[in-house]
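Undergrad: Below is the structure I would like to discuss, written out as structure tokens.
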Amino acid sequence: MAKKYPKTFFVFAAFMLFLMLYTLMSFTEMYHIWSYDDDEAHLLVSASSHEKMVLLRGKVTGRCSVKRKSLVYVKMIKCASSTMSTILRRFALNHNLETATPIDGRIYIGWPYQPKISHIYPSFSGRFGISCEHVVYDRSFFKSIMSPDAVYTTSLRQPYSQFKSLVNYYNVLNISNVPQFSDQASRFAHYVKNLEKYDNIYKLPTSTLRYCVPDHFSMTKNLMAFNLGFPYLSGFNTSEDMFKSEQGKETLKKFTNDWIEKMKKELDLVLLQEYFFESLILLKRRMCWSFTDVLFLTINSQEYAYKKKSEQDAELEAIYKEWSQVDYRLYNAFNETFWEKISQQKDGFRDEVEELKKVFVTS
């Protein structure tokens, strides 16, 4: 006859089984926590169950296992690039990486001219881990200072939004001698409606307070394209007659499209200022970085009278779009590839984005 066990035995057995499973799950979680850097481990220990799930997902799914530690970031003016550079410098510091540092305390590597080795301090190891300063993109230059497996990236911004921001930040209205109006928004509108006139004034040698911006250089015409190495209708060359005829416009369009296709092949990831959280998670995944590697505080964000949309913006942007048409084509092309990359993401991409937003809001 089979031996009968008291009910207390089954209760005790069930409790012990539960305890063993709980211990195993806790040990597994702690193993993953220990595999993180100290700051991220602290974040995980204090996180909620949902937060732990999000933060651990990158390790648990085995998406990648080794952090990439060589990256070129072409710092783009007024595209959340100061915030991005701070993230990258912190990563370099935390991982003992050399950064390509401009000489003499400058904030740019030769910009707006072609970069040279003499523009940066020498590397002790022979190769830099991170480059994240203002520079005109030159692949051959970066090949000479970075490791062959470096990831190449930059930031772009909706061109009219970037234009507004740099006009404010670089004091363009005052330097260009734009007359005073009853309000700054009206003054800005007058400037845009006479853009070529005031841009020419801004570029004159007699216009002072431009700081690092040299004579005859346009800060408003296709600036993003210029920083990525586009040689026409930007920077010092903003008024080529060869592109004014109908045939010339078609030539420019073809040249621009060919150049954009070239940039698509050379840039591994292009971030968008308007979707900064999504951009950081894409970067995190591309580089196999930890969650805390991409935490940030906003830098150089300013408020000004014409920042928000106004009734005149449709008219003003149409003028600017004609003025800076290469930047619009560049932005539209990489806006498309940006969302293509996001559509290819798996394993809780949106959860990671929302978690990063939550940490940013509460920090």
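Undergrad: With a cut-off of 8 Å between alpha carbons and a minimum separation of six or more residues, what is the relative contact order of segment 201-359 in percent?
TA: Computed over segment 201-359, the figure is 24 percent.
Undergrad: Name the aspartates and glutamates eligible as straight-distance cross-link partners of LYS341: C-alpha to C-alpha under 18 Å, and not fewer than 8 places from it in the same chain.
TA: Within the straight-line limit of under 18 Å, LYS341 reaches these aspartates and glutamates: GLU261, GLU266, ASP268, GLU274, GLU278, ASP351, GLU352, GLU354.
Undergrad: Under a cut-off of 12 Å between alpha-carbon atoms, report the aspartates and glutamates in cross-link reach of LYS116, not counting same-chain residues fewer than 8 places apart.
TA: ASP138
Read the figures in this text as sums done on the coordinates, not as results from a lab. This structure is a prediction, so every number in the text was calculated from the model and none was measured.
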